[in-house]
Amino acid sequence: MEVFHSRSVAPTRRVALGYLDLPADPAPGFGGLLLGGVVAAHMPSLDPELFDDLHRLTLQLEQGQRIPQPRLRHRLQTDRIGLLRSVHRLVCEGEELTFEIDDKGSPAQHILAAVYAAGRLPLGPRTPVMLTVRRAMRWAGPLDNRLIAYLSGLSRDHQWSAQARADPLRWALGVLGLADGTNGSARPGRRAIQRRFRQLLREAHPDHGGDATGAALRISELAEARRVLLAG
């Protein structure tokens with residue numbers, strides 16, 4: 001995610017979006033996680049007087065409304081001449097996801113850029129990604145795997161795979177073996193989810209022939225997959 005912004009001491013406050021690589025379908029995707037990470041990284045330093053306007057802006061962009069300028073005391077523009085360049089990345093190495101957040105500029109500039117970038121997403125993933133952004137606005141803590149799990153809606157007490165964090169619904173369907181092959185992101189009914197969970201739980205238990213070494217991890221994944229599917 002490339003952001004262009006005025007210097008902190010500049011008399012005019014401006015923000016422009018540059019190159020964006022934000023895969024977010026199915027949402028939140030790695031793009032949604034990156035936007036959430038940018039917001040979470042800068043929220044602790046944002047002027048509290050701007051919180052209400054920020055929340056309104058996320059709702060307006062989610063609905064595709066025309067956005068009057070300025071917002072959060074900054075003006076969005078397309079011209080990048082004279083602006084500083086910052087780059088934010090979400091890096092995946094194996095199953096490890098890490099944020100690389102540039103620290104130039106002011107918090108409002110980067111939060112605005114992330115929210116405007118979410119507003120540019122297609123209608124399908126836009127709403128869940130904007131929900132991820134609003135979730136990030138409430139985060140208080142380091143930018144680690146707990147934040148990524150939190151943004152994905154997963155339990156924070158487990159080391160989830162990169163796939164689970166980028167697409168919790170598809171991951172949960174796969175864990176419970178409920179993807180039908182034609183629409184991998186379709187959510188089954190509550191009764192089907194519970195029935196499949198109980199079946200796999202019995203199979204995973206060591207008393208019924210399950211692997212004793214991996215039983216705890218398998219049961220934890222089954223329980224989390226059920227929670228993800230029943231939460232929506």
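Against the list (1) hydrophobic (A, V, I, L, M, F, W, C); (2) closer than 24 Å to Asp53 by Cα; (3) surrounded by fewer than 21 Cβ atoms within 10 Å (Cβ to Cβ), the condition Val87 fails is (2). If you go through region 5-21 and keep only what is of a type in the set (A, V, I, L, M, F, W, C) and either touching a Phe, Trp or Tyr at 6+ places or on another chain (Cβ under 8 Å) or not assigned by TED's automatic domain parsing to the domain that holds His74 (or both), you end up with Val15, Ala16, Leu17. Residues in region 17-27 that are modelled with pLDDT under 95 and either buried (at least 21 other Cβ atoms within 10 Å of the Cβ) or not in a loop (DSSP other than H, G, I, E, B) (or both): Ala24, Ala27. Counting only strands (runs of 3 or more DSSP E) that sit wholly inside region 28-109, those with at least 3 residues that are within 22 Å of the chain's Cα centre (by Cα) and under 21 Å from Gly141 (Cα atoms) are 89-93, 96-100. State all residues of region 65-82 that are touching a strand residue (DSSP E or B) at 6+ places or on another chain (Cβ under 9 Å), farther than 13 Å from Tyr116 by Cα and surrounded by 12 or more Cβ atoms within 10 Å (Cβ to Cβ); if no residue qualifies, say none. Listed by number, the list holds a single entry, Arg80. Would it be correct to say that Leu131 is outside any helix (DSSP H, G or I), within 14 Å of the chain's Cα centre (by Cα), modelled with pLDDT of 80 or more and under 30 Å from Thr78 (Cβ atoms)? Answer is no for this residue. Scan region 92-112 for residues that are of a type in the set (A, V, I, L, M, F, W, C) and either touching a Gly at 6+ places or on another chain (Cβ under 9 Å) or over 17 Å from Arg56 (Cβ atoms) (or both) and the total you get is 4.
Out of Glu93, Glu100, Glu62, which single residue is crowded, with 16+ Cβ neighbours inside 10 Å and of a type outside the set (Ser, Thr, Tyr)? So that I can check it myself, show each step before the final result.
Values: Glu93 fails: crowded, with 16+ Cβ neighbours inside 10 Å; Glu100 fails: crowded, with 16+ Cβ neighbours inside 10 Å.
Answer to the check: Glu62.
Cβ-Cβ contacts under 9 Å between residues 6 or more apart (or on different chains), taken from a first residue in region 169-185 that is within 12 Å of Arg226 (Cβ to Cβ) to a second residue that is surrounded by fewer than 15 Cβ atoms within 10 Å (Cβ to Cβ) and modelled with pLDDT of 85 or more, are listed as Leu178/Ala192. Filtering region 1-16 to residues that are outside any loop (DSSP other than H, G, I, E, B) and within 19 Å of the chain's Cα centre (by Cα) leaves Glu2, Val3. The single residue among Ala192, Ala179 that is outside the structural domain of Gly94 (by TED's automatic domain parsing) and either in contact with a strand residue (DSSP E or B) (Cβ under 7 Å, 6 or more places away or on another chain) or at pLDDT 80 or above (or both) turns out to be Ala192.
The values are calculated or read from the model by the stated rules, or taken from the named source; none is laboratory data. This is a predicted model, so every value here is computed, not measured. Virtual Cβ from ideal backbone geometry, glycine too; neighbours counted across all protein chains shown.
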